[in-house]
Amino acid sequence: RISESLLVIKDARRYAVSSGVFNAYPVSLGGPAIPHRMIHILLPPNARLDTVTVSTENEMFEDIPGYWDVRPTSSPTFHDEDFMVSGESDRLWKTDAFLPEKLTARITIGRIHKYQIVDIPVALFQYHPISHKLRRVNNITFIADYKVDSETRLDLARNNSDHAQTERVKRRVVNFAEIAPEYAGLKKARYSSLQKKGYVIITTRSILSRSSQLSGFADAKKNRGFHVSVITEDIWGGGTGDIAAENIRNWLIENYEDLN
């Protein structure tokens, strides 16, 4: 459910304005300024990000009674008192259809530590510029299609994100409960074959790059039969004093079993 709780009123200039939290208007410059909200979807760890596409279905709308004027998005030809349009924006204002015709704008894909996330800007309303009708988008189903890697290997830096990052992702995405177990399962599989006793060296990037002894120290531990991991602040969280201590403690809590 997208925007059924949002209210729409008219401002002092009689233009439609809506309540609630929403993003900018990712539509053509000079066209109707329709508020969008960013929807975040968690992808499985084996999803190939270069193959992701998003489609929609089950779109449901609610007509908002009345005659509505909607401001245009800012453009070089926009004037506050009596806006002017030209070219593409002129075509939009003469369109005999609800705008934006496609509810989703350009998606972006990225990561928060080990988690793969697709960000989808979705319109909260549609506007018919000829009839001056406005309707609310009440419901929409997103379908993410992608190809998968047959063998997924998360590197250590991404696989061992701390509890704070996991909570951040949980609050951000709409499908954490459905997809997050796949990350936990992959993490267990990554270290299930780890028979050697683990030895973790917690340090900083600066020490790692400048020390003439650290590499030899790690090799000595490997020669004694340990599985050695060198962990810098990119992984354990960084900071100084109590903050560093707490970050290291949390990282150890999350990883000491998996790293044996």
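The values are calculated or read from the model by the stated rules, or taken from the named source; none is laboratory data. It should be emphasised that the depicted structure is a prediction, and the values quoted were computed from it without experimental measurement. Don't worry about glycine lacking a Cβ; one is built from the backbone with ideal geometry, like all the others, and counts go over all protein chains shown. What goes into the accessible areas is simple: the full protein's heavy atoms, side chains included, and nothing from ligands, DNA or RNA. Shrake-Rupley method; radii C 1.70, N 1.55, O 1.52, S 1.80 Å.
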Report task. Leaving ligands, DNA and RNA out of it, rank VAL122, VAL228 by accessible area with a 1.4 Å probe, largest first. Result -> VAL228, VAL122
**Report entry** Cross-link reach list, lysines versus LYS147, counting only Cα pairs under 20 Å and skipping chain neighbours closer than eight places
**Finding:** LYS114
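LEU99: net charge of surrounding residues, Cβ under 12 Å, Lys/Arg +1, Asp/Glu -1, itself excluded? Mind showing how you got there, number by number?
Working: positive: ARG91, LYS94, LYS102, LYS133, ARG135; negative: ASP96, GLU101.
Result for the neighbourhood of LEU99: +3.
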Query - Amide H partners (placed H, <5 Å) of LEU99, local residues excluded - result: TYR127, HIS128
Query - Candidate lysines for bridging to LYS10, where Cα separation is under 26 Å - those fewer than 8 sequence places away on the same chain excluded - result: LYS94, LYS102, LYS133
